[in-house]
Amino acid sequence: MNTSKRLVDQKSQGRKFKYVSILLLTILVLVAAGCSNAKPAKIVIATKGNTESNVMQQLLKQIVEANTSIKVDTVKLDNSILWEAIKKGEVDAYVEYTGTALMNILKQEPDRDPDAVYNKVKTMLEEQQNLIMLDQLGFDSTYAFAVRKEVADQYGITNLTQLAEHSSQLRFAADPMIEKSSRPDGYRLVKEAYGFNFKQLVGISNPSLQLEALKNKEAEVMITIATKGIFEVNNLVPLEDDKHIFLPYYAAPLVRKETLEAHPELKEVLNKLSNKVSLEAIREMNRQIDAEQKKPEDVVKEWLKQKGFVK
């Protein structure tokens, strides 16, 4: 009797084991199928739409897709719309400038110490907006005076102090209202710091037409952005701001904290670009796009290959 009962119990246990095994196998198959059909992780990286912002968008996109399984969608948004979009989670990342973040976004007083600005912006953005500013890319997209090369060679001008010494002999192509500007990094403060006294203010509002005035020798000096790709191709010399009057506008990736928590690998991947994009490098990429009409994605891909970031 005991033997028969043991046989029955053994058969019952065998059926239970078989049932559980089948159930577990079914679950594993369903999980595997779900994983195979799952959509790949995706983030959205934005550009402000100008040449330099397009370059930086592509830098982030391509290095992320080369080093992770994350798919990157791209979007172009104006400044104010972009800021609201990243706060709402419609955008995951873009490259911002430290000076822009300090004054335009955080509404703080200007500061001319690059490290102090970066640290303040990084801290405040995380505390107030849950946004993480990663390592700076390496270049400062601030303002710069440019002089025709033959003029710079003639007078031995390499910085703004030397420009001021010869300013009475030079014509300055600029917006007619430039001396009225109240910007904290505007011409008025620069003029006071260096003592400019130009021979003539050639009033031209459009930056492209200011450049044409220099090319046509109707003026010798203009203000532009230090990262523009206009210098060598137009025989212009960018001058050093030796008193550091212009505010720092260093570029750095800005990423939603939630995005980094969901994809922690992004921090290390994006920081591969830390201090790797020099002023000369961004100028050259901007030049190729503006002067040679190359596509940002192609220019960036070639640069990343040259630097060993992608194969």
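The values are calculated or read from the model by the stated rules, or taken from the named source; none is laboratory data. Remember, it's a predicted structure, so these values are computed and weren't measured experimentally. When we count neighbours, we look across all protein chains shown, and the Cβ atoms used for this are built from the backbone with ideal geometry, even at glycine. To get the accessible areas, we keep the full protein, side chains included, count just its heavy atoms, and leave off ligands, DNA and RNA. Shrake-Rupley method; radii C 1.70, N 1.55, O 1.52, S 1.80 Å.
Restricting attention to region 24-76, and to residues there that are of a type in the set (S, T, Y) and more than 16 Å from the chain's Cα centre (by Cα), which single residue is modelled with the lowest pLDDT?
Looking at residues that are of a type in the set (S, T, Y) and more than 16 Å from the chain's Cα centre (by Cα), I get S36.
Please state which one of A164, A152, A101 is farther than 25 Å from P184 by Cα and in a helix (DSSP H, G or I).
A152
Of all residues in region 208-228, which are touching a Lys or Arg at 6+ places or on another chain (Cβ under 9 Å), open to solvent by less than 20 Å² (accessible area, probe 1.4 Å) and either within 18 Å of D185 (Cβ to Cβ) or aromatic (F, W, Y) (or both)?
V221, A226, T227 - these are the residues of region 208-228 that are touching a Lys or Arg at 6+ places or on another chain (Cβ under 9 Å), open to solvent by less than 20 Å² (accessible area, probe 1.4 Å) and either within 18 Å of D185 (Cβ to Cβ) or aromatic (F, W, Y) (or both).
Mind checking which pairs have a first residue in region 62-77 that is of a type in the set (K, R) and a second that is assigned to a helix (DSSP H, G or I) and open to solvent by 70 Å² or more (accessible area, probe 1.4 Å), Cβ under 6 Å, 6 or more apart or different chains?
none
What do you reckon, is D290 surrounded by 14 or more Cβ atoms within 10 Å (Cβ to Cβ) and either in contact with a strand residue (DSSP E or B) (Cβ under 6 Å, 6 or more places away or on another chain) or under 30 Å from S182 (Cα atoms) (or both)?
No.
For (1) assigned to a helix (DSSP H, G or I); (2) in contact with a Lys or Arg (Cβ under 6 Å, 6 or more places away or on another chain); (3) not basic (K, R), each residue gets a yes or a no:
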{"position": "K267", "(1), (2), (3)": "yes, no, no"}
{"position": "R287", "(1), (2), (3)": "yes, no, no"}
{"position": "K301", "(1), (2), (3)": "yes, no, no"}
{"position": "L304", "(1), (2), (3)": "yes, no, yes"}
{"position": "G308", "(1), (2), (3)": "no, no, yes"}
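Residue pairs, Cβ under 9 Å, 6 or more apart or interchain, first in region 278-290 and over 18 Å from Y249 (Cα atoms), second among the basic types (K, R) and crowded, with 18+ Cβ neighbours inside 10 Å. List them.
Close Cβ pairs (under 9 Å, with a partner that is among the basic types (K, R) and crowded, with 18+ Cβ neighbours inside 10 Å) amount to R287/K228; D290/K228.
Tell me whether region 123-130 contains one or more residues that are of a type in the set (D, E), more than 14 Å from A252 (Cβ to Cβ) and at pLDDT 95 or above.
Yes, that holds for at least one residue.
Please go through region 126-142 and pick out each residue that is over 20 Å from E258 (Cα atoms) and assigned to a strand (DSSP E or B). Outline the logic, then answer.
First, pick out the residues of region 126-142 that are over 20 Å from E258 (Cα atoms): 136-142.
Of everything in region 126-142, just one residue is over 20 Å from E258 (Cα atoms) and assigned to a strand (DSSP E or B), namely D140.
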